[in-house]
Every structure is written in structure tokens, then in C-alpha cells.
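As C-alpha cells, the structure follows; a few thoughts come after it.
Any read-out appearing in this document is the output of simple, stated calculations on the displayed coordinates, not a laboratory observation. Given the structure is predicted, the values throughout are model-derived calculations rather than measurements. Counting neighbours? That spans all protein chains shown, and the Cβs are built from the backbone with ideal geometry, glycine included.
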Ligand code: HXC
């Protein structure tokens, strides 16, 4: 067993104390049953699980939850299948451990599939147990965490297994935006089984053991001829770097479960609760003079936007999500003045910080997640615009880019924007400009806010003058410089009220935290409707 693993230190009410066991045959029977259930798939299968570097479901819950807080629900549930030899099959807890516990003292509901029992496969009753904790979590406004390690729909149970998935998907959807739903992929997650995780808010994957795919390597080989391993097809790196399906990759079960505990420290229990405040000794007015010289004078030169984030938020509180996917945009959770916020930032180091299809999807979903769970949004802007090219146009950058506008305009949480450098055209608007709903817009003196960059603009509006000049190149340079002087700074936008204040970069934290504090009681309403129609 990996070192950090520990058994669930719960004291289920069903657990029998030793003296009583001797005396009462009914308690003895209960004890026998509990021991059988806790043995799950048996020593050999548990040994195999450990050999693969995986914990069992109960061990995982022991790591995830505060010690002694796990209250199991439905330990005695058994399958009711009889076809294909199932009447002879004993499946303790029907392969999934479900219940309630606490993380940092706050209630959470959990289910953990146990691969040692029928490969963690999902049959009718296994699904019913998951649905039960989904219902309880939704009714009581508490987060739900699913630890997935399963061969998918239990083949022997056929349509009842499929029906079980459908009921779970429905509950995932109904819970969306009401309670945080977090999934940890700690083993296989194959076929339609990937869709419950995909319907949740955040997916954490364990490298090397967690794998998600709709069709496995065998099917792919027979249909398309492609040869691929399970890990390259659906491992953590594939689902984070290539597909953007997952949000975090961790090196082990223990690391992944610790990450879930950390994630929850930024989140409220539900959509009507405020996120938890963590007292900080990091002064709100801590200056960060290093930011004064961060932005290179030459506006085409890159810099690391995470330096700004690290300086601005409470020390060490930035928790990046989806790192490795669409890295031209950075998203993550952080605290400012002790209160959780969502941070969005263009990354000038990658693709010059342009917005492309993947970055738009990443951004829009994160904004909606923050809005659902009362996390104010802090947006750092340095983008030359949407990425040009046929690949982007044919791929639907119009539709994907529109999601960003939609998400920001729809969000009612406090929204503070800081324009660091470039904010051009549609991307200026998309990155939470005043007009799409920013409550406060700050700009650094290095900000450039205009319809397009100086070179492009000069080429269009001074085309005639450039063409007819004796030296067109010299004229182009002159006109570009003229445009730059006139528009490539924050003061036109500030004069027109699109920027509230031009600030010293070294005081960014101070200004942003003060704005957030002032917005704490913000109330913003939208007209009643069933739901909007975000361009998906
Ligand atoms: C019943 C299953 C099972 C399943 C595994 N087992 N998957 N039993 N239904 N879906 C059982 C195995 O028979 C075996 O039992 C035990 O679990 C361990 O499985 P192994 O194959 O020995 O483990 P491993 O070699 O690690 O391989 C893991 C695996 C493989 C890659 C997940 O088991 C596999 O390919 N399973 C089937 C995956 C699949 O196609 N599922 C259906 C997807 S469709 P014994 O007794 O021998 O130990 C789906 C539809 C959902 O999920 C639709 C929702 C919309």
C-alpha cells in the first residue's frame, strides 16, 4: 500500500464494539457482514490495485476526508441481476462506496468506485447508490466528489446499467451551477462513462492510471487503423494538453485527493453561499515594484503574465487550472485580501496572447464556473486580438469567440479588469471591457487600447498617402508612429470613461483589492428566462 494511504478512520454506527460482539448474535451477524463488505474484492485484487500504484476506494476516502468524518450510506446494497451468472456473483457494496464526510470541517458527499469489485463496473444498484448521494448533495447544498475507477457499464446488466448512467447524467445536469461537482479519474473511465465526469465542473486526473476515452484502442484500430495505447489516447496528458477535457494532472492518488481538498478551499458549498474567506497576513497595500519594468518598451516583446498574477494575489494563493492547454490564456483560482477570486489573463509568451478557439472555450467555461459560484473575476488584458487564419475561421472562431463575450456579459459577480498592454479590437471587448460589463477597469500606463495595432491601422487609413509617397516605407513608419502617438496609450479610453483609472503597476494589488472590497455587496439582475442560448 502506498505510504500515505490510510484506512477510512470512520466509526460507522454499524461497526460493532468487541465486547458486545461476544454477547449478541445479531451484533455478531452485523459484524460479519461489515467485515465482508469492507474486504471488498478480496486480498488478491486489492494487492493488484496497490501494485498498479492505486489505492482502494476506502483508502482513497481515508485520504480525501477529514479523519473520522466518513458516514457510509448503502453499504449493504447488492445487485439484483441474475442473468449471465450474476446470481452467483457476490459484489460487496456493489462496487462503489458512497456517503458523506467533511473536508476542512465542511460537509461533502462522495462516491468512490472500487475496481476490486467487478472492475468498479456500474450496474443498476451501483448507479442507484451514486444517484442517492447526488440527490442528498443537491438537496443539502453540499459539493459532491466522485472518485472514478471503473470498467464502465456492467456488461451483464445491460440496459439497467445504461439507465443508471442516464439517471446520473440527469442529476449532474440538474446540479450544475448549484453545487460544485468534482471528479477524480483514478483508473479507467471508458465509453459513455466519461460523460458524467464531463458534466461536472472540474476533472482531476492521476497520471499513468487515470484514463478517459469514448472508444478504446481496440475499437479505434479496427475502425480507423490507428494504433494507440490507452495512456496516449486518454491519459492525463492527452486530456489536459490536447483535448482540454480535464483541469489538473497529478502524480498519484494521494496528490490528486489533496488537490481536491485544496480546490474546495476556494469554493462555496453551493451557489447561494459566499466562498470561504481565509485570513491572510499579506498586506492589501503590499507594493510590487518589480511590475514597473515587467512590460518591455517594445510592444511586440513577450513577458510572463504569471509574474503579474503572483504579485497581485495573496502570497502563494494562485492555483492554476488547465495548465498546458491553450496556454495563450491563463486561468486559475486565487485569493485577494483573503477572498477567493477567479483570475483570467492573456499570456503574451504564447501566441502573443491572442485569443483562439481553444482559449475562448477555456475562458468562457471558467467565467461561467466563477459566476455560478460567486467568485469575482479579475481579468488581466494583453492581447493583440483573435488569432487570424483559415484554420481558426473554418474551425468556428466566430462561434467560440462569441462564448467569451456571452460569458462575461452574462456574469453578475464583481468584475475587475486591468489592461496591462495591448487591448485591440474585438479581443479588447471580449476581455471584460467596460461595455460588456466590467465594474472597474484599470489600465497601466503601458496600455494600448484601439481598434487595431498601429501597423495594421496605418496601412489601412493612410493607404493613399503611403502609396503616393516618394518613399512609401518611410511614410508608413511616419504614419504608424503618428497613429501610435495618437491612440496607442490608455488616455483616450480614460478620457472617454472606458477606463476608470490609469494606475502605477506597482500598486495593482492595492487598487484591485480595494475595488473588489467595494463590490462585495454588488447586486446585478438579469431579466427572468428559462436559460440563455450561449453559442456552443
Ligand atoms: C463487467 C467488468 C467490466 C464491465 C471490467 N470488468 N469491466 N465486468 N462489466 N464493463 C471486470 C472484468 O471482467 C474483471 O473481472 C475485472 O472487472 C477486472 O477487469 P480486467 O479486465 O481484469 O482489468 P484490466 O486488465 O485492468 O482492464 C481494465 C479495462 C477492461 C480496460 C477497463 O476491463 C475493459 O476493457 N473493460 C470493458 C470496458 C468497456 O468497454 N466498458 C463498457 C463501456 S460502454 P474478473 O472477475 O475477471 O476479475 C459504457 C456505456 C455507458 O460504459 C453508456 C453511458 C451513455
Report, to the nearest 10°, how far helix 472-487 tilts away from the longest principal axis of the Cα atoms in the chain, using its own Cα long axis and a range of 0 to 90°. 70
Could you list 382, 135 so that the one with the fewest beta carbons within 10 Å of its beta carbon is first and the one with the most is last? 135, 382
Percent breakdown of C-alpha pair distances by 10 Å bin, ordered from the shortest bin, for segment 98-224: 13, 46, 32, 7, 1, 0
Given a cut-off of under 8 Å on Cα pairs at least six residues apart, what relative contact order in percent is computed for segment 216-370? 20
Can you give the FRET efficiency for residue 473 and residue 274, using 1/(1 + (r/R0)^6), R0 = 51 Å, r = Cβ-Cβ distance, to the nearest 0.05? 0.30
Equivalent ellipsoid, segment 166-241 (semi-axes from 5 times Cα gyration tensor eigenvalues, Å): 25, 14, 8
Once fully extended, how much extra length lies between residue 286 and residue 530, figured as 0.36 nm per residue of separation less the alpha-carbon to alpha-carbon distance? 83.4 nm
How far apart, in nanometres, would the label points at residue 170 and residue 455 be if each is projected 7 angstrom from Cα along the Cα-to-Cβ direction? 5.7
Of the convex hull enclosing the alpha-carbon atoms of segment 452-517, the direction-averaged projected area in nm² is 5.8
Compute the normalised compactness of segment 275-368: alpha-carbon radius of gyration over 2.2 N^0.38 Å, N being the residue count. 1.15
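Using helices alone, what [θ] at 222 nm do you get for the chain, with -39,500 (n - 2.57) per DSSP H run of 4 or more residues, divided over all residues and rounded to the nearest 500? List each step's numbers first, then the result.
Working: 20 runs with 197 residues, N = 536.
Taking each H run of at least 4 residues, the total per residue is -10500 deg cm²/dmol.
Per residue and in Å³, how big is the convex hull formed by the alpha-carbon atoms of segment 393-470? Spell out each step's value before the answer.
Working: hull volume 8.9 nm³, N = 78.
It comes to 114 Å³ per residue, whole-number rounded.
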With just the Cα atoms of segment 23-153, tell me how far they stretch along each of the three principal axes, in Å, largest first. 43, 41, 31
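Take 203, 398, 103 and order them by how many other Cβ atoms sit within 10 Å, fewest up front. Mind showing how you got there, number by number?
Working: 203 27, 398 12, 103 21.
Ordered from fewest to most neighbouring Cβ atoms within 10 Å, 203, 398, 103 come out as 398, 103, 203.
Please report the antiparallel percentage of DSSP beta bridges with both residues in segment 255-410, rounded to the nearest 5. Present the calculation step by step, with values, prior to reporting the outcome.
Values: 11 of 16 bridges.
Expressed as a percentage, antiparallel bridges in segment 255-410 total about 70.
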Label segment 360-416 by shape, choosing from rounded, prolate and oblate, from the square roots a ≥ b ≥ c of the eigenvalues of the Cα gyration tensor; if a/c is under 1.5 it is rounded, and otherwise prolate applies when a/b is larger than b/c, oblate when it is not. prolate
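Only bridges with both residues in the chain count here: give the DSSP antiparallel percent, nearest 5. Kindly include the intermediate steps, with their values, before the conclusion.
Details: 22 of 63 bridges.
Roughly 35 percent of the beta bridges in the chain run antiparallel, per DSSP.
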Rg ratio (alpha-carbon, reference 2.2 N^0.38 Å) - segment 234-321: 1.44
Can you give the convex hull volume per residue for the Cα atoms of segment 410-536, as a whole number of Å³? 141
Kindly provide log₁₀ I(q)/I(0) values, in the same order as q = 0.13 Å⁻¹, from the Debye equation applied to equal alpha-carbon scatterers of the chain. -1.25
So for segment 325-433, using the alpha carbon gyration tensor with a ≥ b ≥ c as root eigenvalues (a/c under 1.5 gives rounded; past that, a/b versus b/c decides prolate or oblate), I'd call it prolate
Contact order normalised by residue count of the chain, Cα under 8 Å, 6+ apart, percent: 9
Quick check on the exposure proxy: order 517, 186 from fewest to most C-beta atoms within 10 angstrom. 517, 186
